[in-house]
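No value in this document is a laboratory result; all are computed from the given coordinates. These numbers come from a predicted model, not from an experiment. With ideal geometry, Cβ positions are generated from the backbone for all residues, glycine too; neighbour counts draw on all protein chains shown.
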Amino acid sequence: MMDARVPSLTSVRVPSGVHEIADDRLGGVRLLLKRDDLIHSEISGNKWRKLKYNLPLRGDRDVLTFGGAYSGHVRAVAAAGRFYGFGTVGVIRGEEHLPLNPTLQYAVSCGMRLMYVDRTRYREKPVPDGDYFVLPEGGSNAAAVKGCAEIPTEIATPFDVICCSTGTGGTLAGVAAGLGAGQEAIGFAALKGGAFLVDVVRGLQRSAGIATDNWSVETGFHFGGYARGTPELVEFIADFRRRHGVALESTYVAKMMYGIYALIARGRFSAGTVIVAVVTG
C-alpha cells in the first residue's frame with residue numbers, strides 16, 4: 001500500500017505483476033518474472049521503490065542527486081519532481097555534450113537543473129550551496145532499502161530464490177531484508193569488479209538497522225562493465241524477446257537474466273526450485 005505521506009499517482013501499478021514463463025532450457029526449474037518495469041511509464045521498477053520512502057523526507061526542499069549521462073535514476077528523480085511539483089538538481093559525471101542525449105533531454109524537460117563536474121571531482125559528490133534533500137547515486141540509502149524490502153512481500157507464489165540486477169546495492173539489500181525463512185536473494189553485478197558490492201550491501205542494511213546473511217553477489221555476468229555488452233548478450237536479448245515477448249533492458253536486467261540461465265545450466269539449482277527474477281526496467 002502506498003505510504004499515506006506520498007502523493008498518489010493513479011497510474012502507479014503496485015503490486016507489480018508476477019507471471020511464470022515456460023522455457024525448455026530451465027531443466028525443471030520454475031522461473032517467474034516480477035514485472036516491476038511496468039509499475040509506471042516514467043518512474044518504473046526499483047526507481048519507484050527507492051523513491052517511495054525518500055520523498056516524504058524531503059520536506060519543502062529541492063532534491064539533488066548524482067548520476068552519469070545515461071542514469072535511469074537521474075531520469076526518474078526528474079520525473080518525480082515534475083509529477084509531484086518539487087525542484088530537482090542533477091549532478092552529472094563528465095562534461096556537457098550538446099545536443100543532450102535522450103536521458104538528459106528528458107530530465108531537462110521535467111525541469112531538472114543540470115550541473116556537470118569532472119570525473120575526479122564527481123567522486124567527492126559535490127553539493128552546491130543551498131538547502132537540498134540529497135539522494136545518493138542510484139538512490140540507494142536506508143529509505144530505499146525499506147522500499148525494496150516490499151518486493152518479496154508482494155509475491156503470492158511460494159519461491160526459493162529471488163534475483164535482481166545490482167548496481168548501487170540498494171535493491172539487493174532491501175530484497176534480502178524482505179525474505180522469509182529459507183529464501184535466498186542473488187544480486188547480479190552489472191559492473192566490472194563488482195566484488196565491492198558485498199560491503200556496500202552490508203553497509204546499506206546496517207544503515208537500515210538490519211543485517212541478513214541470505215544473499216550473495218554474482219560478479220561474472222557484467223559483459224565488460226557498466227553499460228557494455230557483447231554480441232552474445234545482444235543475441236540473448238533478441239532470443240528472449242522472440243520466446244517470451246519481453247524486451248530485456250540491456251544495462252542491468254539482461255545481464256541478470258543471462259546469469260540466471262547460466263547458473264541453471266551449471267546445475268546451481270535443483271529441479272523444482274522456484275526462482276523469481278525482478279525485472280527492474
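List of remarks:
- Estimated from the Cβ-Cβ distance and a Förster radius of 25 angstrom, the FRET efficiency linking residue 271 and residue 213 is about 0.45.
- Beta bridges from DSSP with both residues in the chain: antiparallel share about 10 percent, rounded to the nearest 5.
- For residue 226, the residues whose amide H sits under 5 Å from its own are 192, ignoring neighbours fewer than 5 places away on the same chain, with H placed 1.01 Å from N.
- The C-alpha radius of gyration of the stretch 101-181, expressed as a fraction of 2.2 N^0.38 Å, stands at 1.46.
- The ratio of the alpha-carbon radius of gyration of the stretch 55-134 to the globular-protein estimate 2.2 N^0.38 Å is 1.02.
- Selected from 71, 216, 11 as most flexible by GNM, with the chain as the system and alpha-carbon contacts under 10 Å: 11
- Principal-axis tilt of helix 253-265 within the chain, Cα atoms, nearest 10 degrees: 20
- Helix 197-207 and the long axis of the chain differ in direction by around 60°, with both axes built from C-alpha atoms.
- Here the convex hull built on the C-alpha positions of the stretch 124-281 has a volume of 139 cubic angstrom per residue.
- Once exposed loop trypsin sites (Lys or Arg not before Pro) are cut out (DSSP; at most 13 other Cβ, 10 Å), longest piece of the chain: 26-122
- Relative contact order, percent, the stretch 41-163 [alpha-carbon distance under 8 Å, six or more residues apart]: 35
- Potential extension, residue 192-residue 226 segment - 0.36 nm per residue separation minus Cα distance: 11.6 nm
- Shown here is the pair-distance distribution of the chain: with all Cα-Cα distances grouped in 10 Å bins from zero up to the longest one, the shares run 7, 29, 37, 21, 6, 0 percent.
- A simple charge model with +1 on the Cβ of Lys and Arg, -1 on the Cβ of Asp and Glu and nothing else charged puts the dipole of the stretch 55-134 at about 240 debye relative to its Cα centre.
- Nonlocal amide H pairs with residue 64, under 5 Å, H built at 1.01 Å: 89, 133, 134, 135
- Stokes-Einstein diffusion for the stretch 15-69, with the hydrodynamic radius set to the Kirkwood value over Cα pairs and evaluated at 10 °C in a medium of 1.306 mPa s, equals 112 µm²/s.
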